[in-house]
Amino acid sequence: MNSKLHVLIPDGNSTWALSVLNCLSQSSEYEFFVLSDKKRTATRFSKYTSYYKYYKRTTDNDWLNIISKEIVDQTISIIVPIAEDEIRFFITNSDRLPKSVKVIPLPKINDFETAINKHMLSRFLDEAHLPHPKYSYFKSFESYSNELLELQFPVLLKPLHEKGGDGILKFKNQEKLDSYIHKHSDFSDLFIQEFIDGYDIDCSVLCLNGKVLTHTIQKGNLEGHSSFAPQLGFEFLKNDVLLSVIKQLMQALNWSGVAHIDLRYDVKTKDYKIIEINARFWGSVEGSKFAGINFPDLAIQLAMNNEIENTQFNEIEYMRFKGVLKSIKRKPSFLFKKNYLLNNSETKSFLKDPLPTCYRFIEWLERRFNFILLFLSQEFAFYTIY
């Protein structure tokens, strides 16, 4: 008789699903069932996935019926939503699921919406007297034109709902900002934030009713594809001053569940500024697992009413697999650092289960090929016309 706990990942198409699956695969007590609104994803090709089902996502009510049927048919015990859209769905619909299933701890909907919206979060931080960059928000081009921007340059122009640093632009002075906004005057939301001179540092947490149960702190040391993108390499370190800020933040939000908070150390004011909250699992979650904190597993344990000990993480360095490839490209001899690659990077996860990463590489090649075809077709059309 199979006594394993049946775990449902309802958004197997999400960016961070494979990382969460890799973390949970460390336990032999779980069997994994994955749903997706894409026919092919990296999680489909993982050896850890026992069951994969594609559904075209339509209405929330239809999705709820599909989830409920899968819970019964596959005897699902616990649900682990990964990304913010799916987390929002389960916050609002968990009480309509079959009583036999549990969902990992999640925040209240109002707290969740505050956390994921940069403008709402900044207003909340103002009211809570928590450190964060000064900002301005404009609903339209007219409101921007009629109001004085009382910020120190340089500033960052940020989309309210993008992830991974996408869409962030930096402006050194008012003239360049005005020029850009006049060229893009059809916006409906404009969020501008002072740039903080310093360095990025992040904190990952698991909370219950505003209390931080466990955490990791990581500081980047290998830049991604841009200065605003997630770091590809980082070091885990202890920092009681930063942790104090995080505890105040999570208590003010009465947070339950996981979150990954981006901060920046301000060299002028000598403090840590809260930049944004990722109210979901995150790309470096496997790094936290290597450092001693397996957030997905602990979230399940918490949902199953098991006690979470005040676990401490180890101060180690860690590198994403993209960081490994980038380091090898820069310095080929990096390939021979066997101990580091196996104990301080995602290389071990890749070697244990290579197909998902290979599939992602094929996807990347297809995107590049399609981009080249589109470029060539446009060039051909131009020369045909002229």
Qualifying position, being modelled with pLDDT under 90 and either in contact with a strand residue (DSSP E or B) (Cβ under 9 Å, 6 or more places away or on another chain) or farther than 30 Å from Glu307 by Cα (or both), among Leu156, Leu213, Leu151: Leu151
Enumeration of residues in region 224-282 that are at negative phi, assigned to a strand (DSSP E or B) and not hydrophobic (A, V, I, L, M, F, W, C): Gly233, Glu235, His260, Asp262, Arg264, Tyr265, Asp266, Asp271, Tyr272, Lys273, Glu276, Asn278
Give the residues of region 28-47 that are over 16 Å from Ile79 (Cα atoms) and assigned to a loop (DSSP other than H, G, I, E, B), sorted by residue number. Ser28, Asp37, Lys38, Lys39, Arg40, Thr41, Ser46, Lys47
Considering each residue of region 13-27, count those that are touching a residue at least 60 places away in the same chain (Cβ under 8 Å) and either part of a helix (DSSP H, G or I) or surrounded by 22 or more Cβ atoms within 10 Å (Cβ to Cβ) (or both), and give that number. 8
Look at Lys176 and say whether it is within 23 Å of Gln251 (Cβ to Cβ) and among the basic types (Lys, Arg). no
Since Thr75 meets every condition but one in (1) in a loop (DSSP other than H, G, I, E, B); (2) within 30 Å of Ile246 (Cα to Cα), which condition does it not meet? (2)
Quick one: Ser3 ticks every box in (1) among the hydroxyl-bearing types (Ser, Thr, Tyr); (2) at pLDDT 95 or above; (3) farther than 24 Å from Asn254 by Cβ except a single one, so which number is it? (2)
Out of curiosity, is Glu127 of a type in the set (D, E, K, R), assigned by TED's automatic domain parsing to the domain that holds Ala17 and farther than 22 Å from Asn305 by Cβ? no
For region 293-334, give me each residue that is farther than 22 Å from Thr214 by Cβ and touching a Ser or Thr at 6+ places or on another chain (Cβ under 8 Å). Met319, Phe321, Gly323, Val324, Phe334
Just a yes or no: is a residue in region 176-192 closer than 30 Å to Val324 by Cβ and either surrounded by fewer than 18 Cβ atoms within 10 Å (Cβ to Cβ) or touching a strand residue (DSSP E or B) at 6+ places or on another chain (Cβ under 9 Å) (or both)? no
Does region 315-352 hold any residues that are polar (S, T, N, Q), under 22 Å from the mean Cα position of the chain (by Cα) and over 17 Å from Leu222 (Cβ atoms), and which are they? Ser349
Could you list all residues from region 267-279 that are crowded, with 17+ Cβ neighbours inside 10 Å and more than 13 Å from Gln248 (Cβ to Cβ)? Lys273, Ile275, Glu276, Ile277, Asn278, Ala279
Determine if region 187-196 includes at least one residue that is of a type in the set (Ser, Thr, Tyr), touching a residue at least 40 places away in the same chain (Cβ under 8 Å) and not in a strand (DSSP E or B). yes
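The values are calculated or read from the model by the stated rules, or taken from the named source; none is laboratory data. The structure presented is a predicted model; accordingly, all values stated were derived computationally and were not measured. All Cβ positions, glycine included, derive from the backbone under ideal geometry; neighbour counts span all protein chains shown.
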